[in-house]
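Trainee: Take this structure, written in structure tokens, and hold onto it; I'll ask about it next.
The values are calculated or read from the model by the stated rules, or taken from the named source; none is laboratory data. Owing to the predicted nature of the structure, the values given are computational and were not obtained by experimental measurement. Glycine also receives a Cβ, built like all others from the backbone with ideal geometry; neighbour counts cover every protein chain displayed.
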Amino acid sequence: MKRYIFSASLVIATLLVWVNNIKLFGKYDSNTNQRTKALRVAVIPNNQKQVHHIFYLKVHKTGSSTVQNVFLRYGIDRDLTFVVPNNSSGYRNVISYTDTAIPGYNIIPLPKDRHFEMLCFHVIYNRTALDKIMPNDTKYVAIVREPFLQFDSTLRYFKHVFGDGQNVSTFLKNPHLYKNEDVRGSFTNNRMAFEFDFPESLFRDFNSHKTQEYLKKLDEEFDVVLVNEYMEESIVLLRRILNWKVKDVIFLILNKNVLHTLDNTELEKRQLYRQYAKLDYALYEFFFERLWRQINIFGQDIFREISYFKSLRRSVENFCSTDSGPFIFVQNSTWSESFRVSRKDCDDMLRHENDYVDMILPRQYK
Ligand SMILES: Nc1ncnc2c1ncn2[C@@H]1O[C@H](COP(=O)(O)OS(=O)(=O)O)[C@@H](OP(=O)(O)O)[C@H]1O
């Protein structure tokens with residue numbers, strides 16, 4: 001009888017683990033019957049080394065500067081070698097608005113006896129080209145934002161080009177009448193998808209099947225895609241996958257635009273934009289869903305870390321925006337040893353990327 005109960009319990013336990021795995025690990029690649037890369041990378045042993053090889057796709061108007069600052073701080077502190085723009089874009093902090101990174105064309109050549117470790121300036125993704133400059137074990141990270149908010153942020157940022165937003169509905173009703181249709185030069189034609197290097201034919205002629213095929217490729221190639229609306233959740237996931245310390249990933253919000261264009265025509269504009277920016281919506285929805293699948297792999301503990309991180313960030317934001325002493329002391333926790341956040345840390349978190357370029361250049365190319 002005892003043996004029967006034991007065997008029955010074992011069967012039930014096995015079934016529970018199996019069901020739980022399906023729930024936690026979610027999607028299986030139908031071709032290989034394997035978990036997709038994003039879900040594999042999330043299961044890392046605790047004793048793994050910190051990741052130093054990173055490509056970060058800094059997608060425009062998604063909160064990308066806030067996250068870039070985390071990479072710049074980390075890389076500078078450890079003297080990592082950055083891929084740096086050579087100013088051919090006209091900007092010191094932009095590799096290219098239209099192309100991927102190409103040595104001798106838009107990036108400064110590799111310093112002697114070093115290899116590139118981090119790329120975090122604006123550039124267009126292209127895996128074949130990036131494989132030529134980044135190490136094989138590079139983690140690929142990117143960021144997306146709810147498409148209409150990304151579009152609205154773009155319009156406000158480039159107000160000198162787009163005006164005060166009055167003509168947006170007219171444009172969205174007939175986008176093909178505008179030169180915006182040339183996807184390479186455009187900041188409003190599915191810009192996020194363009195930066196992710198979606199095939200150009202899909203911008204002219206949307207095809208759901210081909211879009212999903214391309215998303216499958218991105219799913220295999222990117223380790224973490226952060227979602228602006230869940231920034232803290234995304235950053236905690238990133239910290240775990242890179243095996244970095246809590247202090248490394250604290251951030252202050254950068255590049256906030258206080259202007260607002262959202263008004264009583266917003267609903268109409270949203271509907272028109274969804275019709276127009278099909279690639280951006282497909283991209284966002286895909287990685288939104290994937291973010292939560294990845295987070296869930298870590299179980300309840302990651303949710304505790306997220307709420308700890310949110311409250312820590314509030315304290316840091318408060319400290320950095322007031323005149324309240326030279327540092328705050330952060331007690332040790334399940335996720336971190338104790339550490340201090342100093343006035344210098346606040347300055348580092350707020351420093352503009354151009355100032356980081358000025359710090360990187362003399363170190364790498366002395
Ligand atoms: N942490 C966090 N969470 C949510 N949103 C954030 C965050 N950090 C920056 N932002 C918002 O992102 C917008 C700026 O994006 P980028 O830094 O990518 O702009 S840029 O392309 O580098 O110019 C800009 O959006 P708008 O204010 O709507 O224009 C920022 O407010």
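Trainee: Counting just the residues of segment 246-275 that are within 18 Å of the chain's Cα centre (by Cα) and away from the ligand (no atom under 11 Å from the Cβ), which one comes out nearest to Leu291 (Cα to Cα)? Give the derivation first.
Mentor: Taking segment 246-275 first, the residues within 18 Å of the chain's Cα centre (by Cα) are 246, 248-256.
With away from the ligand (no atom under 11 Å from the Cβ) added as a condition, the list becomes 246, 248-250.
Details: Val246: 19, Asp248: 21, Val249: 18, Ile250: 19 Å.
Checked segment 246-275; the qualifying residue nearest to Leu291 (Cα to Cα) is Val249.
Trainee: Looking at Asp113, Asp99, can you tell me which residue is part of a loop (DSSP other than H, G, I, E, B), closer than 25 Å to His52 by Cβ and either away from the ligand (no atom under 11 Å from the Cβ) or touching a Ser or Thr at 6+ places or on another chain (Cβ under 9 Å) (or both)?
Mentor: Working: Asp99 fails: closer than 25 Å to His52 by Cβ.
The conditions single out Asp113.
Trainee: Please work out which one of (1) within 19 Å of Pro147 (Cβ to Cβ); (2) surrounded by 14 or more Cβ atoms within 10 Å (Cβ to Cβ) is the condition Gln212 fails and give its number.
Mentor: (2)
Trainee: Here's a check for you: in segment 205-237, which residue that is hydrophobic (A, V, I, L, M, F, W, C), closer than 13 Å to Arg293 by Cβ and within 15 Å of the ligand (Cβ to nearest atom) is nearest to the chain's Cα centre (by Cα)?
Mentor: Here is the first cut: in segment 205-237, the residues hydrophobic (A, V, I, L, M, F, W, C) are 206, 215, 218, 222, 224-227, 231, 235-237.
Narrowing the set further to residues that are closer than 13 Å to Arg293 by Cβ leaves 224-225, 227, 237.
Applying the additional criterion that residues be within 15 Å of the ligand (Cβ to nearest atom) yields 225, 227, 237.
On the way: Val225: 5, Val227: 7, Leu237: 11 Å.
Among those residues, the one meeting the criterion is Val225.
Trainee: Now, a different point. Can we say Asn167 is away from the ligand (no atom under 16 Å from the Cβ), of a type in the set (S, T, N, Q) and over 20 Å from Ser65 (Cβ atoms)?
Mentor: Numbers: away from the ligand (no atom under 16 Å from the Cβ): yes; of a type in the set (S, T, N, Q): yes; over 20 Å from Ser65 (Cβ atoms): yes.
For Asn167, the condition - away from the ligand (no atom under 16 Å from the Cβ), of a type in the set (S, T, N, Q) and over 20 Å from Ser65 (Cβ atoms) - is met.
Residues checked against (1) in contact with a helix residue (DSSP H, G or I) (Cβ under 6 Å, 6 or more places away or on another chain); (2) among the polar types (S, T, N, Q); (3) in contact (Cβ under 8 Å) with a residue 40 or more places away in the chain:
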residue: Phe171; (1), (2), (3): no, no, no
residue: Gly185; (1), (2), (3): no, no, yes
residue: Phe194; (1), (2), (3): yes, no, yes
residue: Asp205; (1), (2), (3): no, no, no
residue: Leu226; (1), (2), (3): yes, no, yes
residue: Tyr230; (1), (2), (3): no, no, yes
residue: Ile235; (1), (2), (3): yes, no, yes
residue: Leu252; (1), (2), (3): yes, no, yes
residue: Val258; (1), (2), (3): no, no, no
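Trainee: Which residue, of Leu254, Leu267, is at pLDDT below 95, on the phi < 0 side of the Ramachandran plot and of a type outside the set (Gly, Ala, Ser)?
Mentor: On the way: Leu254 fails: at pLDDT below 95.
That would be Leu267, the only listed residue that is at pLDDT below 95, on the phi < 0 side of the Ramachandran plot and of a type outside the set (Gly, Ala, Ser).
Trainee: Going by the conditions given, is Ile295 away from the ligand (no atom under 16 Å from the Cβ), closer than 30 Å to Cys320 by Cα and not in a loop (DSSP other than H, G, I, E, B)?
Mentor: Values: away from the ligand (no atom under 16 Å from the Cβ): yes; closer than 30 Å to Cys320 by Cα: yes; not in a loop (DSSP other than H, G, I, E, B): yes.
Yes: the conditions hold for Ile295.
Trainee: Considering (1) over 18 Å from Glu146 (Cβ atoms); (2) in contact (Cβ under 8 Å) with a residue 60 or more places away in the chain; (3) assigned to a helix (DSSP H, G or I); (4) away from the ligand (no atom under 16 Å from the Cβ), say which one Phe286 fails and leave the rest.
Mentor: (1)
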